Amino acid sequence: MLPFLLTTAIILALLVFIFAFLVAPGTCSEEKRAPFLHQNIAHRGLHTKDKKIPENSIAAFSNAVKNGYGIELDIQLTKDDKIVVFHDDTLDRVCNLPGAISSYTYEELCDFRLCGTDQKIPLFTEALRVIDGKVPVVVEFKNGSKNKLLCERALPILRSYQGDFCIESFQPYIVSWFRKNAPDILRGQLSAGMEELKQLGFFKAFCLSNVLTNVTSRPHFIAYEKDKKTILVRLSEKMGAMKAVWTIRDTDKKHYYEMRNDMVIFEHYRPKIKY
């Protein structure tokens, strides 16, 4: 009986060690973490529910700066490899037009408007110029066919920006790229439950929802969907990963999420700037 229990204990200890190695986060200084700790971050800028101030617009970023909120925004490449701020792969939801962002040049995109307003799709540099270091910025790198090029083009822009920023992505390759090429920049892994990620297929969804991809990217924080976190996500947090949550809305229990996370990404309400 004793040898059996000992063997079982050794196997369990080995499994814990393996999983801990796989999901361990990267380490970073308190100085890098400080601008984002206990911050409410406006999702795609401080846009409005009625879309009069549309998401990821210069107006939304100006509104966030005016009210003192940190900003989360999304970047991707156009057909001519310009970096623009836009969330979706396609234009239909926000611009009521067919086609992918990547199938248009930046000059062509300048003719389109966001949610029927006078706001156009901004360049990444335009957005940063408006924010101007006044509030912290969370830059989400969208997954696409030119991930390496997006990272290479964005890095010098970020290096020249005089303000607090961090990067995040659902794509582990992008987080890994920053680990290798810009290890000093605060980086985060976006993730969610299996249901949210099911379009990836079972294996990829399982790995990402359990942050097993940390083994290559070693993120400093995990930005997880507001649903229940997996045991391995919680293990990574216990090992030092900052805790971020997305996206908290006006109908959610705001205080509940603030109490349990280091950073809250919100929309459609006006919380305290810091909590």
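The values are calculated or read from the model by the stated rules, or taken from the named source; none is laboratory data. Just so it is clear, the structure is predicted and the values come from calculations on it, not from any experiment. No Cβ is skipped: glycine too gets one built from the backbone with ideal geometry, and neighbour counts run over all protein chains shown. We work out accessible area using only protein heavy atoms, side chains counted, and drop any ligands, DNA or RNA first. Shrake-Rupley method; radii C 1.70, N 1.55, O 1.52, S 1.80 Å.
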Most mobile listed residue (37, 14, 155) in the chain, GNM with C-alpha springs under 10 Å: 14
Over the chain, relative contact order from alpha-carbon pairs under 8 Å, at least 6 apart, %: 22
Under a crude label model (7 Å from the Cα following the beta-carbon direction), how far is residue 273 from residue 238 in nanometres? 3.7
What residue among 223, 259, 34 has its Cα farthest toward the positive end of the dipole of the chain, where the charges are +1 on Lys, Arg and -1 on Asp, Glu, each on the Cβ? 259
Expressed as a rounded percentage, what relative contact order does region 71-227 have, with Cα pairs under 8 Å and six or more residues apart? 18
I'd like the accessible area for residue 110, computed on protein heavy atoms only with a 1.4 Å probe and all protein chains in place. Round to 10 Å², please. 40
Between 47, 220, 255, which gets the highest mean-square fluctuation from a Gaussian network model of the chain, Cα cutoff 10 Å? 255
Considering only region 1-130, percent of DSSP beta bridges that pair antiparallel, nearest 5: 60
Under the rule of at least 5 residues apart or a separate chain, name every residue whose amide H is placed under 5 Å from the amide H of residue 26. 220
For region 55-66, 3J(HN,Hα) per residue [Karplus equation, 6.51 cos²θ - 1.76 cosθ + 1.60, θ = phi - 60°, Hz, x = Gly/Pro]: 4, 6, 10, 4, 4, 5, 6, 5, 5, 5, 4, 4
Quick one: work out the % antiparallel among DSSP beta bridges in the chain, nearest 5. 15
So for region 34-92, using the alpha carbon gyration tensor with a ≥ b ≥ c as root eigenvalues (a/c under 1.5 gives rounded; past that, a/b versus b/c decides prolate or oblate), I'd call it oblate
For a quick check, take a GNM of the chain with Cα springs below 10 Å and name the residue from 69, 161, 256 with the largest mean-square fluctuation. 256
DSSP-defined beta bridges in region 42-200 - what % are antiparallel, rounded to 5: 25
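Using a/c under 1.5 as the rounded threshold, could you call region 151-239 rounded, prolate or oblate? The axes a ≥ b ≥ c are square roots of the C-alpha gyration tensor eigenvalues, and prolate needs a/b larger than b/c, oblate otherwise. Walk me through the numbers on the way to the answer.
Numbers: a/c = 2.17, a/b = 1.83, b/c = 1.19.
It is prolate, given that a/c is not under 1.5 and a/b is the larger ratio.
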Options [x] 19.5, 76; [y] 21.3, 75; [z] 17.8, 54 - which one matches Rg and Dmax of the Cα atoms in Å as calculated here: [x]
Distance between modelled label sites at residue 145 and residue 79, nm, 7 Å Cα→Cβ extension: 1.2
